[in-house]
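Data first, discussion second: the structure below is written as structure tokens.
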Amino acid sequence: MSKELIDILDENGVKTGEIATRDEIHKKGLWHRAIVVAIVNEKNEILIQQRSNNKEKNAGMWDISVAGHISTGQDALSAAAREINEEVSINLGYHVDIKAFRYMLSYRIEEKFSNHFIERQFYDFFILRKEGIKVENIKMQESEVQAIKWIDINKLLDMREKKTIVERKPVYDELINYLNRY
């Protein structure tokens, strides 16, 4: 199995020209870029996933629809489509088109989970609105995801308060503003 290669960034989010594996990036606390996608259905519900108990960080916690690293040479939209197809394949007979994504915001975060796992990421947040997606039509990547479900805005607020969902303050604040407009 090949290791995922990721572009190293400086503290301003500019590529340095260097590349490292995902493990090296987190072990050394190097800046890199990732995507976060909220999939929203016609009822204004958000698809959330329960992270695998085998994950290094936030194991077993509920999380936004999809999140993942941007691989070397890849742009954010391509990474978002790839992550959706990897983590929660939507079996509806079509692929996710990058034109369907709505860019919302970018932000950066620094967090130390352990001496061997330091997060220094720039996130690009997108919303993907899709109608007719049923949980039973979604195939989960079992190494990444152990459960999925749709929740409404009130349940999202409740989960944040109870800390049963991975905290992504900029994402959820923007998502709540977006959902309140519909």
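The values are calculated or read from the model by the stated rules, or taken from the named source; none is laboratory data. Model, not experiment: these values are computed from the prediction. As a convention, Cβ positions derive from the backbone with ideal geometry for all residues, glycine included, and neighbour counts pool all protein chains shown.
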Here are some conditions: (1) surrounded by 14 or more Cβ atoms within 10 Å (Cβ to Cβ); (2) within 25 Å of Glu161 (Cβ to Cβ); (3) in contact (Cβ under 8 Å) with a residue 40 or more places away in the chain. Phe122 meets all but one. Which one does it not meet?
-> (2)
Within the stretch 103-119, is there a residue that is out of contact with any helix residue (DSSP H, G or I) (no Cβ under 7 Å at 6 or more places or on another chain), aromatic (Phe, Trp, Tyr) and either on the phi < 0 side of the Ramachandran plot or surrounded by 14 or more Cβ atoms within 10 Å (Cβ to Cβ) (or both)?
-> yes
Taking only the stretch 138-177 into account, find how many residues are assigned to a helix (DSSP H, G or I) and closer than 17 Å to Ala67 by Cβ.
-> 10
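Please list, ordered by residue number, the strands (runs of 3 or more DSSP E) wholly in the stretch 12-107 having 2 or more residues that are of a type outside the set (Ser, Thr, Tyr) and within 29 Å of Lys134 (Cβ to Cβ).
Details: elements: 15-21, 32-40, 46-51, 66-69, 88-90.
Qualifying strands (runs of 3 or more DSSP E): 32-40, 46-51, 66-69, 88-90.
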Among all residue pairs at least 6 apart or on different chains, which show Cβ distances below 8 Å where the first residue, located in the stretch 10-23, is of a type in the set (D, E, K, R) and the second is loosely packed, with under 13 Cβ neighbours inside 10 Å?
-> Asp10/Thr16; Arg22/Lys3; Asp23/Lys3
What is the one condition in (1) outside any loop (DSSP other than H, G, I, E, B); (2) closer than 22 Å to Lys162 by Cβ; (3) touching a Leu at 6+ places or on another chain (Cβ under 9 Å) that Ile6 does not satisfy?
-> (2)
Note on the stretch 97-138: residues of a type in the set (Phe, Trp, Tyr) and more than 17 Å from the chain's Cα centre (by Cα) are Phe113, Phe117
Does the stretch 9-33 hold any residues that are under 13 Å from Phe122 (Cα atoms) and surrounded by fewer than 19 Cβ atoms within 10 Å (Cβ to Cβ), and which are they?
-> Asp10, Glu11, Asn12, Gly13, Val14, Lys15, Gly29
Could you tell me which residue of the stretch 135-170 is farthest from Asn54 (Cα to Cα), considering only residues that are modelled with pLDDT of 95 or more and among the acidic types (Asp, Glu)?
-> Asp152
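Here is a yes/no grid of residues against (1) crowded, with 16+ Cβ neighbours inside 10 Å; (2) under 18 Å from Val40 (Cβ atoms); (3) in contact with a helix residue (DSSP H, G or I) (Cβ under 9 Å, 6 or more places away or on another chain):
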site	(1), (2), (3)
Glu142	no, no, no
Ile148	yes, yes, yes
Ile151	yes, yes, yes
Leu156	yes, yes, yes
Lys163	no, no, no
Glu167	no, no, yes
Tyr172	yes, yes, yes
Ile176	no, yes, yes
Arg181	no, yes, no
